[in-house]
């Protein structure tokens, strides 16, 4: 978290002709961007392009090799990153309020000034004190000092930490919940500029929607964020700043606008590159044909000088998406999973039994694509464990249909990967009878190509491990995919690739996901678990929202 004094100016942060490289890798060269008051910008680009470096340059954690970074006077910056933050010794609420220590200090200073004004002083001193006090009051009000504790409680609750947990010690929260507390600290600060690195990670659907609304309606400052959630990005930002190909490009529009405009620009660039290559080929052909003839020497030299002066158009090295052709999915029976009066009770020694859900009945048929939805703790993951055979029900009946082969993915599935194996070795072990070309093609479909297939599992990021597990599952002859949060840790490009694969998948799918764009684009049935019971909506995600009257924000 970075805190600097507050200011609203014409340009809050300006990066001018920035160059930066890590080792031999050039991230950007003579690149520029600016953050203006109140603007909401999404920071996008391929992995390794330099998005995190932009954050670190702004916060001073890194320095540019060349170029200038200028800040408006008295600016405040709040930076939420995915790096673990140490928390100890206080409650969740006190930890969140500690982020606004400068506001608390300002409040104390105002009280000291109020006390000073009650004592005799000459007119000039009183006038100067009144001006200073007025400026302090204005800043204190703007920073939300008068409702600091109430705001901290509101933000904590909105991010899924209930009021009866606000006073629990921070040590009692798991890593994912501590990240929510860390995010709450940054939001409670109410800084002039919010730098948010993947703010929706570790959040469930309800918290994502709350955060979206808070940023749109409550927060008045500027935002620069990375985010893997397509819908969240579309709704919050109105500018896209792309870090790619050693430069920084700003697009005026949301994420969908950026994708359309980027593709148009790429088509234009490819056409210009093609025309230039054709022209160069003709010139070089002329030079090669006549360079030995004295009668054409002047023309040859003229053309050599001409092509030497031409600035060559370079084609960006975007990740190439490989389409993998899956073999025909083995056919299952028409009824894939049937369940009646299904219930699950968790029993822990020394504690009261906890009923997750009861009286759940339904049927998943062949080629259905089912989303399982419900509030946090409703039992969505538990239901997927039941239908995939990971756990046994406490009551009711559950029948798996004929010739159903299940592929189950959960976040714990990454734990079974062998750390010292490479990506290629891991998939070869899952596909022992396939040739190397088939294995490599499947890996390429999941963005592993070239030297990346030789990376050891232990060196992979969470998103890369997820892609390895998903590729492993889809390499097998499964006809029923049970996927618990398959989009966690995946960036937007990886999510779009997985979405494309699942759309073409000929088997049956049951999944839990907090990605609304993913759900809306894929599923044709929704099972909602609410207060221990299940309702089946025979339509897609938007149909479910319309039938239940859910908040339009979740569309």
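The values are calculated or read from the model by the stated rules, or taken from the named source; none is laboratory data. Everything numeric in this text was worked out from a predicted model, so none of it was measured. All Cβ positions, even for glycine, are placed from backbone atoms using ideal geometry, and neighbour counts span all protein chains on display.
Among the numbered conditions (1) more than 13 Å from residue 373 (Cα to Cα); (2) out of contact with any helix residue (DSSP H, G or I) (no Cβ under 9 Å at 6 or more places or on another chain); (3) modelled with pLDDT under 90, the only one that residue 478 does not meet is (3).
State whether the residues of the stretch 111-125 include one that is at pLDDT 85 or above, touching a strand residue (DSSP E or B) at 6+ places or on another chain (Cβ under 8 Å) and part of a helix (DSSP H, G or I). Scanning the stretch 111-125, I find no residue that is at pLDDT 85 or above, touching a strand residue (DSSP E or B) at 6+ places or on another chain (Cβ under 8 Å) and part of a helix (DSSP H, G or I), so the answer is no.
In this entry, residue 367 passes the filter for residues that are within 21 Å of residue 508 (Cβ to Cβ), within 31 Å of the chain's Cα centre (by Cα) and either in contact (Cβ under 8 Å) with a residue 40 or more places away in the chain or assigned to a strand (DSSP E or B) (or both). For the stretch 447-457, filtering for residues that are surrounded by fewer than 18 Cβ atoms within 10 Å (Cβ to Cβ) and at pLDDT below 90 leaves 4.
Condition first: surrounded by 15 or more Cβ atoms within 10 Å (Cβ to Cβ) and either within 19 Å of the chain's Cα centre (by Cα) or not in a helix (DSSP H, G or I) (or both). Can you find one or more residues in the stretch 438-446 that meet it?
yes
Scoring residue 312 on the criteria (1) exposed (fewer than 14 other Cβ atoms within 10 Å of the Cβ); (2) out of contact with any helix residue (DSSP H, G or I) (no Cβ under 9 Å at 6 or more places or on another chain) leaves a single failure, condition (2).
Regarding residue 94, is this residue touching a helix residue (DSSP H, G or I) at 6+ places or on another chain (Cβ under 9 Å), surrounded by fewer than 17 Cβ atoms within 10 Å (Cβ to Cβ), at pLDDT 85 or above and closer than 26 Å to residue 76 by Cβ? Answer is yes for this residue. What are the residues in the stretch 529-555 that are more than 23 Å from residue 202 (Cβ to Cβ) and buried (at least 17 other Cβ atoms within 10 Å of the Cβ), if any? Matches in the stretch 529-555: 534, 537, 540, 544, 545. Does residue 239 satisfy the criteria of being surrounded by fewer than 12 Cβ atoms within 10 Å (Cβ to Cβ), in contact (Cβ under 8 Å) with a residue 40 or more places away in the chain, at negative phi and under 33 Å from the mean Cα position of the chain (by Cα)? Judged against the criteria, residue 239 is not a match.
For the stretch 58-78, the criterion of a residue being under 24 Å from residue 234 (Cα atoms) and at pLDDT below 90 is satisfied by no position. The numbered conditions (1) assigned to a helix (DSSP H, G or I); (2) closer than 25 Å to residue 514 by Cα; (3) in contact with a helix residue (DSSP H, G or I) (Cβ under 7 Å, 6 or more places away or on another chain) are all true for residue 500 except (3). Which residue is nearest to residue 480 (Cα to Cα), if the candidates are limited to the stretch 334-350 and must be without any contact (Cβ under 8 Å) to a residue 40 or more places away in the chain and exposed (fewer than 13 other Cβ atoms within 10 Å of the Cβ)? Result: 347. For residue 45, the conditions (1) at pLDDT 90 or above; (2) closer than 30 Å to residue 256 by Cβ all hold with the exception of (1). Here the stretch 180-219 is the region considered, the condition is being within 23 Å of residue 48 (Cα to Cα) and out of contact with any strand residue (DSSP E or B) (no Cβ under 8 Å at 6 or more places or on another chain), and the residue that is surrounded by the most Cβ atoms within 10 Å (Cβ to Cβ) is 200.
Which of the following residues is in contact with a strand residue (DSSP E or B) (Cβ under 7 Å, 6 or more places away or on another chain) and surrounded by fewer than 19 Cβ atoms within 10 Å (Cβ to Cβ): 415, 420?
Details: 415 fails: in contact with a strand residue (DSSP E or B) (Cβ under 7 Å, 6 or more places away or on another chain).
After applying the criteria, what remains is 420.
Yes/no per residue for (1) out of contact with any helix residue (DSSP H, G or I) (no Cβ under 7 Å at 6 or more places or on another chain); (2) surrounded by 21 or more Cβ atoms within 10 Å (Cβ to Cβ); (3) not in a helix (DSSP H, G or I):
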residue: 19; (1), (2), (3): yes, no, yes
residue: 46; (1), (2), (3): yes, no, yes
residue: 67; (1), (2), (3): yes, no, yes
residue: 78; (1), (2), (3): no, yes, yes
residue: 82; (1), (2), (3): yes, no, yes
residue: 87; (1), (2), (3): no, no, yes
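Candidates 86, 63: the one that is within 30 Å of residue 316 (Cβ to Cβ) and without any contact (Cβ under 8 Å) to a residue 12 or more places away in the chain is 63. When the stretch 156-187 is filtered for residues that are in contact with a helix residue (DSSP H, G or I) (Cβ under 7 Å, 6 or more places away or on another chain) and part of a helix (DSSP H, G or I), the ones remaining, listed by number, are 156, 157, 158, 163, 165, 170, 178, 181, 184, 185, 186, 187.
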